[in-house]
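Working notes for the structure below.
The values are calculated or read from the model by the stated rules, or taken from the named source; none is laboratory data. Note that the structure is a prediction, hence the values are computed from the model and not measured. Backbone-built Cβ (ideal geometry, glycine too); neighbour counts: all protein chains shown. Heavy atoms of the whole protein, side chains included, go into the accessibility calculation; ligands, DNA and RNA do not. Shrake-Rupley method; radii C 1.70, N 1.55, O 1.52, S 1.80 Å.
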Amino acid sequence: MDRIRDLAADLGMEMFLGKPSDPDSPMHTAILSRLPVRAWRNRRHHGRMLRSHLHCEVETGGHELPVIGVHCLHLAARFGDRNKGEARRIREISAVLTDIAGEPALPHMLIGDFNALSPGDDILATSFFRRMNDLRRAGLLVAGRSGILAPLAPDDSASGDEVADRWRRAGVDPRLLGGIPALPRVVAPLTVGLPVSRAMDRFLGRMIERWTVERLHKEGYVDCYRHIHPRARGLTCATWQLSARVDYVFATRDLAAHVVGADVVGGRTWPDPDAAVASDHYPVVAEFSV
């Protein structure tokens, strides 16, 4: 939280912080704004959301859309749970949509890490699994007592410094280890020698449920990046092995009519080397003329 406050101060922005729904979680959400915020609220759904639904009403200063809503989300990952992870995310997004339905109608956007795939989007699953196997062979992914493969975390000792150096030599900033998914140990032998193949990527992609983004499409939300870039991959995750697009700016149709640009910072069309070490996800930017 101190880092977010420092960032807001450095940027001259006002900070709004959302405490997580799970009292044991350290994962907060935050909105930073230079524009006036006339109201904000953090909705915590205990037992239904891991994090929270943070909402601000922002005064844009524009003539056509003088006030818009910003809904900041970070949906559950739980990739090791197979389709149970997507079931968790659909419960979370349903709670958010119920919140929004109870508010006065307002042009708004839903932004953040959805950890969910969009229908029609590619995934680079085989290159991701090859990378995970390289890390496993290097002794950087280890199996715990539960049989889950998880990153070897450096501690504060001299040996911890050596582990951190091993991660750097493998091309992963040790500060980003929280973004490496924990996978069932049985997955490892199944993917050894898996060829990097677009055909195999498409096959594996068809096995992944995409209910969350489908639900938003049915509700009329517009995927701003896809609106601007109908065919580009726009991969956002992970910065150490790009494999999927799971970070979004969704907008209601009245707001989406004003989107004039969208991009992935750190991607092919907006290169930025700092983005790769700031997070395990590349940020998504959308620009609106209001």
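Table for the structure above
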{"item": "Residues within the stretch 171-226 that are touching a residue at least 40 places away in the same chain (Cβ under 8 Å), closer than 30 Å to Arg145 by Cα and touching a Lys or Arg at 6+ places or on another chain (Cβ under 8 Å), tallied", "result": "3"}
{"item": "Single residue of the stretch 218-240 satisfying the filter (small (Gly, Ala, Ser) and over 13 Å from Gly266 (Cβ atoms)) that is nearest to the chain's Cα centre (by Cα)", "result": "Ala232"}
{"item": "Search result, residues across the stretch 115-163 that are of a type in the set (Ser, Thr, Tyr) and without any contact (Cβ under 8 Å) to a residue 60 or more places away in the chain", "result": "Ser146, Ser157, Ser159"}
{"item": "Qualifying positions in the stretch 130-160 - surrounded by 14 or more Cβ atoms within 10 Å (Cβ to Cβ) and among the polar types (S, T, N, Q)", "result": "Asn133"}
{"item": "Scope the stretch 227-240; condition closer than 18 Å to Leu110 by Cβ and crowded, with 20+ Cβ neighbours inside 10 Å; matching residues", "result": "Gly234, Thr236, Cys237"}
{"item": "Residue within the stretch 79-99 that is touching a residue at least 12 places away in the same chain (Cβ under 8 Å), open to solvent by 20 Å² or more (accessible area, probe 1.4 Å) and on the phi > 0 side of the Ramachandran plot present", "result": "no"}
{"item": "Members of the stretch 241-274 found to be within 14 Å of the chain's Cα centre (by Cα) and either surrounded by fewer than 16 Cβ atoms within 10 Å (Cβ to Cβ) or hydrophobic (A, V, I, L, M, F, W, C) (or both), listed by number", "result": "Leu242, Ala244, Val246, Val249, Phe250, Val264, Val265"}
{"item": "Within the stretch 209-226, tally of residues that are surrounded by fewer than 22 Cβ atoms within 10 Å (Cβ to Cβ) and β-branched (Val, Ile, Thr)", "result": "1"}
{"item": "Meets criteria (in a loop (DSSP other than H, G, I, E, B), more than 15 Å from the chain's Cα centre (by Cα) and over 25 Å from Asp201 (Cα atoms)) for Val290", "result": "yes"}
{"item": "Condition met for Val285 (surrounded by fewer than 18 Cβ atoms within 10 Å (Cβ to Cβ), of a type in the set (A, V, I, L, M) and within 19 Å of the chain's Cα centre (by Cα))", "result": "yes"}
{"item": "Inter-residue pairs, beta-carbon under 8 Å, first closer than 25 Å to Ile123 by Cβ and in the stretch 238-266, second assigned to a loop (DSSP other than H, G, I, E, B) and small (Gly, Ala, Ser), 6+ apart", "result": "Thr239/Gly266; Thr239/Ser279; Trp240/Gly171; Arg245/Ser118; Arg245/Gly234; Val246/Ala116; Tyr248/Ser118; Val264/Gly234"}
